[in-house]
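Below you'll find the structure, written out as structure tokens, and then a few comments.
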Amino acid sequence: MAPDSTNSLLLRGARIIGHDRVIEQGAVLIEAGHIVRVFDSETPQLPAADAVVDLDGLTLFPGFIDLHIHGAAGVDTMAANADDLGRVGMFLASKGVTAWLPTLVPSTIEQYEQAIHAIEKAVAQTSVCADSGARDHRLKSVPPARVLGVHYEGPFVNSEQCGALHREHFRPYQNAADLDALPTIKHESAIHMMTLAPEIEGGVALIHELHRRGWIISIGHTRATVDVLDEALRAGAHHMTHFMNAMAPLHHRAPGPVGWGLIHDQVTCDVIADGIHVDPSILKLILRSKTADRVSLISDAIAPTGLGDGEYHIWDEKIVVKDGRTQNARGSIAGSVITMLDAVRMMLSLGIFESDVARMASLNPARLLGIDVDCGSIEEGKRADLVALDEARNLRLTIVGGHVAFQ
């Protein structure tokens, strides 16, 4: 495998899942943390590189991007410090994730401040790794998955669709001061995303203000009517969080958020593809309506992810994990214990084309976050965030910014 001191790296003998085609026998040349050339089988001679890795037919995907994750490897984003988030990043890299958005549940301002302080440090640390890689392709340690910013799941959501969130921390929106009260990340590259319910008091005004501030806005934990959802769309909300979960169900006389989301082509959504939150047949239905261009995969993973079944204390309550299913004391599903790799495997098992799965796991999340110029697909000029799977869909290699993060 390529040593850290190399300036260029050639991956050869790979099946490459490109943004518009599958190359059955190809190669990728990486320099200074970015993809500089993608070669197909017709290339007469590959260039020299400081290090060469033979992938021997492994399938190369763009690195996965997780928009919605509360923790993993025993770490909860609400209680983590920057080192804890680094541990999560290492775990995620071992599951094919090259970038992620730590997600916060409704809580007190004090808890938010603690969490944002840690995330801000983690954003800076992983940005330094990315910058140093871009300069000289050398790192002193294995890079974790990049922390991109923060995803606030709430607190401006509907108490009748709380799911596993705690109602006592839900809030209405009255004016910009309510948004100012939420701590934000000062790093210039940080992304801010919020899931909200547009039907709450002041919900549409909140969307207008978030849109003005450049936040990514997603509709979730909602019972909004079609009229309110139309207002939300006009105000700047074009995405839906864990589609079909924690929202009023579809009814033939009351389409609600599910029916509205299915028929609006300008609306994208994300799904938890674990076979528990959404039945596999419904995943197919969503794709048939929305197409792979408008669906992103998420994990919605919580701290026990990677630890196995058991009882865990998270968010001031006991959450039980049994047979890969989470449940809190109220009987609600409380997030998942899957990774993006599990979601990818699920979609592939349903017969979805590899190129469409790559789009849902990488390019669509990057587009939603506005970073698709930099990452999300295997193209010349983009970051070398790459994942190699074998025929059994086992992860064999993760590259973050041109550096081997897992092998």
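Residue-wise test of (1) crowded, with 22+ Cβ neighbours inside 10 Å; (2) modelled with pLDDT of 95 or more; (3) in a helix (DSSP H, G or I); (4) of a type in the set (D, E, K, R).
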| site | (1), (2), (3), (4) |
| --- | --- |
| Gln114 | no, yes, yes, no |
| Ile119 | yes, yes, yes, no |
| Thr126 | yes, no, yes, no |
| Ala134 | no, no, yes, no |
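Taking the stretch 324-376, which residues are surrounded by fewer than 23 Cβ atoms within 10 Å (Cβ to Cβ) and of a type in the set (S, T, N, Q)?
Residues satisfying the conditions are Gln327, Asn328, Ser332, Ser349, Ser355.
Of all residues in the stretch 191-214, which are assigned to a loop (DSSP other than H, G, I, E, B) and in contact with a Ser or Thr (Cβ under 9 Å, 6 or more places away or on another chain)?
If the condition is that a residue be assigned to a loop (DSSP other than H, G, I, E, B) and in contact with a Ser or Thr (Cβ under 9 Å, 6 or more places away or on another chain), then Ala197, Pro198, Glu199, Ile200 are the ones that fit.
Among the residues of the stretch 346-357, is any part of a loop (DSSP other than H, G, I, E, B), of a type in the set (Val, Ile, Thr) and touching a strand residue (DSSP E or B) at 6+ places or on another chain (Cβ under 9 Å)?
The answer is no, given that none of the residues of the stretch 346-357 is part of a loop (DSSP other than H, G, I, E, B), of a type in the set (Val, Ile, Thr) and touching a strand residue (DSSP E or B) at 6+ places or on another chain (Cβ under 9 Å).
Quick check on my filter: what residues within the stretch 177-218 are modelled with pLDDT of 95 or more and of a type in the set (S, T, N, Q)?
Thr184, Thr195, Ser218
Within the stretch 240-257, can you find the residues that are within 26 Å of the chain's Cα centre (by Cα) and surrounded by fewer than 22 Cβ atoms within 10 Å (Cβ to Cβ)?
Asn245, Ala248, Pro249, Leu250, Gly256
Counting only residues that are under 30 Å from Met193 (Cα atoms), give me the strands (runs of 3 or more DSSP E) lying completely in the stretch 1-97 with at least 2 of them.
Filter on the stretch 1-97 gives 34-39, 59-62, 64-69.
I need the strands (runs of 3 or more DSSP E) fully contained in the stretch 224-337, keeping only those with at least 3 residues that are over 28 Å from Glu354 (Cβ atoms), in contact with a Gly (Cβ under 9 Å, 6 or more places away or on another chain) and free of Cβ contacts under 8 Å to residues at least 40 places away in the same chain.
Because the criterion is at least 3 residues that are over 28 Å from Glu354 (Cβ atoms), in contact with a Gly (Cβ under 9 Å, 6 or more places away or on another chain) and free of Cβ contacts under 8 Å to residues at least 40 places away in the same chain, the strands (runs of 3 or more DSSP E) in the stretch 224-337 that meet it are 317-322.
The values are calculated or read from the model by the stated rules, or taken from the named source; none is laboratory data. Nothing here was measured: the structure is a model prediction, and the numbers come from that model. FYI the Cβ positions are ideal-geometry reconstructions off the backbone, even for glycines, and counts take in every protein chain you see.
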